[in-house]
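Single-structure report; data block below.
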Amino acid sequence: MKNEALTTKPHYAILDGLRGVASVLVIAFHIFEAHSTSHLDQIINHGYLAVDFFFVLSGFVIGYAYDDRWNKFTIKDFFKIRLIRLQPLVVLGMIIGAICFYFQDSAMWPAIHTVPVWKMLLIMLIGTTLIPVPISMDIRGWQEMHPLNGPGWSLFFEYIANILYAVVVRKFSKILLGILVFLSACVLIHLAVTSPAGDIIGGWSLNAEQLRIGATRVIYPFFAGLLLSRLVKLSHISNAFLWSSILLLIVFCMPRIGGSGHLWMNGLYDSLTVIIIFPLVVFIGACGTINRKKEAALCKFLGDISYPLYITHYPVIYMYTAWVSDHKPTFMQALPIALLTFISSMLMAYASLKWYDEPVRNWLRKKVLKKNV
């Protein structure tokens, strides 16, 4: 099979742009998070839901790209394609996390300076494989399965969803897939409304409860996105990028619902957002077309930078959080450093894309895929 077999389908440019919008909001969410006392007073309060939106997007795009092509390539080929797309930046993200690690020693993480270099490097090497480390090997104090670069947890579950899709779920009929999506939606609602924190935050630790949260957070959105790609009949929606971006902004910036007295209300908001609003946003984006050059350029830039931004920004956020914990500035006092953190994250992501990710992926395609797919 020729390379063209898997490159004839056009991208949904607006969906690429929306992925970038969500990634930028994640950076802002994490910067504000350093100043909050809890998620009750967090600015961009529901920014953590960006992960769930990414899962919906991923399921939709993978269904669109691969569902009707399984007669042209093998499961092994699919895994090669996904690894080439995702793994190079996983490796870079862990290396950046290792470089930044000792600069994060602070009141927030007072034991960092006691971690021997050999142990930090071991965690880095394990992290480049995305194999989660147990809590007993945590070198930060947050019990993360990837202590050098926390967002690696979502890539771990992304890989699990990809494996389930390729091995089993791609063969499901629409009815059977619909049953899976319905049942996983029920599980997601139950998790959200019974959560002690009143949200669906979690999934980054290697213990039973956190693995349950992570699995619940990926199974519904990923396979709902897949189902949407199979069922959707696209129409035309004008200004789709603008409206879907505004909808994402509203969802993420919604203040905490129910306060500390009615935590289940926020949990219900989280679950219904993932179940209803995110598929709607994807539908709107998929129905849109881009007619203006500036909008096309913006969507392309945001789409290109979205994954590098998401997977490389958190080591810088660790440093910003450490600085805030030591100096305890108000946000206005910290604004210059916050802006520097945001801008440096954007620049690092762009440099990672152009100087590392794109060249490495192009090289891997030539060496690994050759003419097989």
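For segment 312-322, the condition holds for no residue, the condition being that it is under 30 Å from V181 (Cα atoms) and surrounded by fewer than 20 Cβ atoms within 10 Å (Cβ to Cβ). Comparison of C287, C299 shows that the only residue that is surrounded by 18 or more Cβ atoms within 10 Å (Cβ to Cβ) and at pLDDT below 95 is C287.
The residues on offer are H113, H30, and the sole one that is modelled with pLDDT of 95 or more and surrounded by fewer than 16 Cβ atoms within 10 Å (Cβ to Cβ) is H113.
The residue of segment 33-49 that is surrounded by the most Cβ atoms within 10 Å (Cβ to Cβ), among those that are in contact with a Phe, Trp or Tyr (Cβ under 7 Å, 6 or more places away or on another chain) and aliphatic (A, V, I, L, M), is L49.
Going by the conditions given, is R256 over 21 Å from the mean Cα position of the chain (by Cα), among the basic types (K, R) and assigned to a helix (DSSP H, G or I)? So R256 fails the test.
Inside segment 221-248, residues that are of a type in the set (S, T, Y) and surrounded by fewer than 22 Cβ atoms within 10 Å (Cβ to Cβ) make up a count of 3. The set of residues from segment 218-269 being of a type in the set (K, R) and touching a helix residue (DSSP H, G or I) at 6+ places or on another chain (Cβ under 8 Å) comprises R230, R256.
In the set V324, V316, V281, V274, only one residue is assigned to a helix (DSSP H, G or I), touching a Leu at 6+ places or on another chain (Cβ under 6 Å) and at pLDDT 95 or above; that residue is V281.
Taken over segment 164-220, the residue count meeting the criterion of being crowded, with 18+ Cβ neighbours inside 10 Å, closer than 24 Å to Q143 by Cβ and of a type in the set (S, T, Y) is 3.
Of the residues making up segment 219-253, just one is in a loop (DSSP other than H, G, I, E, B) and within 24 Å of the chain's Cα centre (by Cα), namely V232.
When restricted to residues that are assigned to a helix (DSSP H, G or I), more than 20 Å from V316 (Cβ to Cβ) and not polar (S, T, N, Q), segment 84-120 contains 6. In segment 55-78, the residues that are surrounded by 14 or more Cβ atoms within 10 Å (Cβ to Cβ) form no Cβ pair under 8 Å with any partner that is in a loop (DSSP other than H, G, I, E, B) and at pLDDT 95 or above, whether six or more places apart or across chains. For Y350, the test of being within 18 Å of the chain's Cα centre (by Cα), crowded, with 21+ Cβ neighbours inside 10 Å and either under 20 Å from H11 (Cα atoms) or not aliphatic (A, V, I, L, M) (or both) is failed. How about segment 187-218: which of its residues are more than 17 Å from V56 (Cβ to Cβ), of a type outside the set (A, V, I, L, M) and assigned to a helix (DSSP H, G or I)? Listed by number, the residues that qualify are H190, T194, E209, Q210, R212.
The values are calculated or read from the model by the stated rules, or taken from the named source; none is laboratory data. Everything quoted here is computed from the prediction, not taken from an experiment. Note that each Cβ is placed from the backbone with ideal geometry, even for glycine, and that neighbours are counted across all protein chains shown.
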